Amino acid sequence: MKELMLGNKAAARGLFEAGVSFVSSYPGTPSTEITEEAAKYDEIYCEWAPNEKVAMEAAFGASLSGVRSFCGMKHVGLNVAADPLYTMSYTGINAGLVVGVADDAGMHSSQNEQDSRRHAIGAKVPMLEPSDSEEALEFTKLAYELSEEYDTPVLLKMCTRVAHSQSLVETSERKVVEKTYEKNPQKYSMAPANAIRRHPFVEERMRKLAEYGETSGINRIEKVEGAKRGFITSSTSYQYVKEVFGEDSSILKLGMVNPLPDKLLVDFAGSVDEVYVVEELDPIIEEHCKALGLSVHGKDILPICGEFSQGLLRELILGQKAEFPVFETVTPVRPPVMCAGCPHRGLFFSLKKLNCTVLGDIGCYTLGGTPPLGMMDMTLCMGASVSAIHGFNRALELKKEGSKPVVAVIGDSTFMHSGMTGLANIAYNMTNSTVIIVDNSITGMTGHQQNPTTGYNIKGDPAGKIDLEALCHALGFERVSVVDPYDLAECEKVIKEELSVEAPSVIISRRPCALLKYVKHNPPLSVDSEKCKSCKSCMRIGCPAISMKDDGTGTVKAVIDKTQCTGCGVCKQLCAFSAIN
């Protein structure tokens with residue numbers, strides 16, 4: 001049966017058809033939907049893990065026991081899971097194990113633009129790279145066959161455009177493959193003596209996989225007779241090349257991007273007069289071709305940053321400027337902003353009022369750095385806020401500059417992901433640091449996934465729930481406060497108090513995300529235009545529901561959009577003239 005599917009949904013269908021029984025992932029755009037779609041199959045056990053390292057280790061355990069397993073993550077998540085991945089390459093697997101990783105060229109929702117192919121090369125594991133939904137399904141199934149045949153974890157590399165675009169796929173039935181666990185510490189226990197013996201196996205495995213890539217059809221040549229120009233490409237770049245150059249140029253389309261097929265590359269390059277390597281981000285295929293002695297064009301013409309497009313290739317390779325229709329109306333710029341009623345807004349307003357330095361983290365609360373709040377001085381990676389504030393404050397002590405109003409801000413899901421170890425470091429090494437956990441009762445940034453603090457699992461069923469207050473106390477913190485971020489006076493009071501005390505402290509800013517379905521909002525507020533003095537104090541919180549408009553008399557007054565307002569009351573607390581009710 002044929003069906004139109006998103007790339008991520010097609011990959012999930014591939015998991016189902018491959019007989020996968022166990023999935024553990026951490027949500028991260030653009031990979032999240034693979035696990036969410038897999039969870040819709042009752043035959044597959046799915047879970048959200050606290051972080052990607054845990055997810056990969058859990059998937060390894062499931063593979064070891066004898067069932068096909070999967071873990072999914074975005075590109076930066078693979079950094080977190082790199083520790084087990086690099087050693088899993090040595091141990092190999094029992095039942096098939098596939099790791100789905102989704103890159104984000106263009107940084108639509110990411111803090112960097114790294115290329116996951118580097119991890120495949122470093123870990124010495126095969127990587128398959130689909131270019132559409134059909135291949136996402138088929139390559140997922142193939143990945144399990146390769147995993148078991150070559151005794152290796154396999155990386156399945158998606159990207160934003162493949163993950164979130166749709167194309168036709170043909171579905172088939174599920175086939176379950178299960179194996180028996182057999183004790184084999186020489187293979188699975190990577191003490192140095194065992195690891196030394198496994199390394200030659202890894203090298204031989206990669207040699208055999210390279211041979212597979214030469215003849216299996218996973219890498220294919222689309223030859224155009226008489227063509228003088230050839231393209232070596234993969235993933236979504238293949239689609240752009242096919243559309244622009246497919247009629248008069250030959251194409252070597254790579255489906256396995258690690259290891260690369262040396263003979264196929266050399267033979268293809270010899271069949272045309274000039275070769276272009278079209279790959280987003282790093283010049284990995286290009287560098288490999290040059291190491292083989294091939295003369296190719298690549299990053300000498302094409303950019304190393306950002307996404308490609310048909311128009312970009314046409315312009316940079318053919319010199320043809322793409323012409324687009326000119327529209328009379330211009331779409332207004334809509335910068336990212338926290339939602340109306342977002343519980344984080346009141347907290348960041350209080351931090352701004354107290355002129356705090358804010359070391360931030362990864363989550364929707366990162367938007368606290370946008371105007372007019374502008375209260376995010378640093379964002380590095382998951383959990384870094386808690387670790388960084390310790391180093392920041394200790395350095396102030398070393399420089400004898402005295403204390404400053406510095407706080408770390410981290411979300412509840414991010415705290416569970418990688419904030420706990422940083423908090424333990426503060427307690428253990430005793431810096432006077434204040435950490436604020438913004439607990440909105442959900443993993444907000446990636447689309448409302450559950451996490452260990454919510455009390456529900458991936459299917460929404462009751463699950464174990466971690467008590468943040470008890471956890472912080474157990475990690476060595478005596479001072480743990482809870483505030484409602486809608487209460488500006490209380491927020492300011494507690495933050496000032498904790499910053500003034502010479503002791504480590506945690507503030508939990510707790511209020512559910514305004515977009516959660518079960519959250520009941522107050523009636524929307526309105527502005528009494530007669531009382532409004534046009535002072536714009538209410539605009540200081542940056543709520544998208546509030547704007548300044550002409551009241552019909554030529555005077556600009558504050559106006560609240562009732563379709564957006566959640567009645568949180570934060571703006572009401574800022575109005576000195578009682579104009580908002």
Residue in region 514-524 that is under 17 Å from A576 (Cα atoms) and of a type in the set (D, E, K, R) present = no
From the list E243, E247, E214, E173, pick out the single residue that is part of a loop (DSSP other than H, G, I, E, B), in contact with a helix residue (DSSP H, G or I) (Cβ under 9 Å, 6 or more places away or on another chain) and either at pLDDT below 95 or of a type outside the set (F, W, Y) (or both).
-> E173
From the list Y518, Y486, which residue is closer than 30 Å to H473 by Cα and at pLDDT 95 or above?
-> Y486
For region 68-88, which residues satisfy the criterion of being over 21 Å from the mean Cα position of the chain (by Cα) and surrounded by fewer than 24 Cβ atoms within 10 Å (Cβ to Cβ)?
-> T87
Is there a residue being within 24 Å of the chain's Cα centre (by Cα) and either among the charged types (D, E, K, R) or outside any helix (DSSP H, G or I) (or both) anywhere in region 290-300?
-> no
From I466, I426, which residue is at negative phi and touching a residue at least 60 places away in the same chain (Cβ under 8 Å)?
-> I426
Please work out if S237 is under 30 Å from R314 (Cβ atoms) and in the same structural domain as E280 (by TED's automatic domain parsing).
-> yes
Going by the conditions given, is K2 at pLDDT below 95 and either crowded, with 24+ Cβ neighbours inside 10 Å or not hydrophobic (A, V, I, L, M, F, W, C) (or both)?
-> yes
Scanning for something hydrophobic (A, V, I, L, M, F, W, C), at pLDDT 95 or above and either farther than 21 Å from P512 by Cβ or not assigned by TED's automatic domain parsing to the domain that holds C46 (or both), does region 393-403 turn up at least one residue?
-> no
Inside region 46-93, can you point out the residues that are outside any helix (DSSP H, G or I), among the β-branched types (V, I, T) and out of contact with any strand residue (DSSP E or B) (no Cβ under 7 Å at 6 or more places or on another chain)?
-> I93
Would you mind telling me which numbered condition in (1) part of a helix (DSSP H, G or I); (2) out of contact with any helix residue (DSSP H, G or I) (no Cβ under 7 Å at 6 or more places or on another chain); (3) surrounded by 12 or more Cβ atoms within 10 Å (Cβ to Cβ) V224 fails?
-> (1)
Pairs only if they're at least six apart or on different chains, beta carbon under 9 angstrom, first in region 339-353 and on the phi > 0 side of the Ramachandran plot and at pLDDT below 95, second in a helix (DSSP H, G or I) and among the aliphatic types (A, V, I, L, M); list them, first residue then second.
-> none
Scanning region 502-535 residue by residue, the ones that are touching a residue at least 12 places away in the same chain (Cβ under 8 Å), within 27 Å of G369 (Cβ to Cβ) and either surrounded by fewer than 14 Cβ atoms within 10 Å (Cβ to Cβ) or hydrophobic (A, V, I, L, M, F, W, C) (or both) total 10
If only one of L64, L15 is more than 21 Å from the chain's Cα centre (by Cα), closer than 21 Å to S147 by Cα and touching a residue at least 40 places away in the same chain (Cβ under 8 Å), which one is it?
-> L64
Got at least one residue in region 456-469 being buried (at least 22 other Cβ atoms within 10 Å of the Cβ), within 24 Å of the chain's Cα centre (by Cα), closer than 30 Å to V23 by Cβ and polar (S, T, N, Q)?
-> no
Kindly list, by first and then second residue, each pair from a residue in region 81-97 that is over 22 Å from V177 (Cβ atoms) to a residue that is charged (D, E, K, R) and crowded, with 20+ Cβ neighbours inside 10 Å, limited to pairs with Cβ atoms under 7 Å and residues at least 6 apart or on different chains.
-> A81/E52; A81/K53; D83/K53; P84/K53
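Yes or no: K557 over 16 Å from V337 (Cα atoms) and assigned to a strand (DSSP E or B)? It would help to see each step written out before you state the result.
Values: over 16 Å from V337 (Cα atoms): yes; assigned to a strand (DSSP E or B): yes.
Answer is yes for this residue.
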Does any residue of region 170-177 turn out to be under 23 Å from A120 (Cβ atoms) and either surrounded by 13 or more Cβ atoms within 10 Å (Cβ to Cβ) or in contact (Cβ under 8 Å) with a residue 60 or more places away in the chain (or both)?
-> no
Cβ-Cβ under 8 Å pairs, at least 6 apart or on other chains, region 437-450 side among the acidic types (D, E), far side in a loop (DSSP other than H, G, I, E, B) and at pLDDT 90 or above = D439/T453; D439/R511
Just for strands (runs of 3 or more DSSP E) wholly inside region 94-170: which have at least 2 residues that are over 15 Å from L281 (Cα atoms) and polar (S, T, N, Q)?
-> 166-170
Hey, does region 146-157 have a residue that's crowded, with 20+ Cβ neighbours inside 10 Å, of a type in the set (V, I, T) and either within 18 Å of K74 (Cα to Cα) or in contact with a Cys (Cβ under 7 Å, 6 or more places away or on another chain) (or both)?
-> yes
Which of the residues spanning region 481-498 are assigned to a strand (DSSP E or B) and surrounded by fewer than 20 Cβ atoms within 10 Å (Cβ to Cβ)?
-> S481, V482
Identify the single condition in (1) within 27 Å of the chain's Cα centre (by Cα); (2) assigned to a loop (DSSP other than H, G, I, E, B) that V438 does not satisfy, given that it satisfies every other one.
-> (2)
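The values are calculated or read from the model by the stated rules, or taken from the named source; none is laboratory data. Note that the coordinates shown come from a computational prediction; the quantities given were computed from them, not determined experimentally. Heads up, the Cβs are rebuilt from the backbone with ideal geometry, glycines too, and the neighbour counts pull from every protein chain shown.
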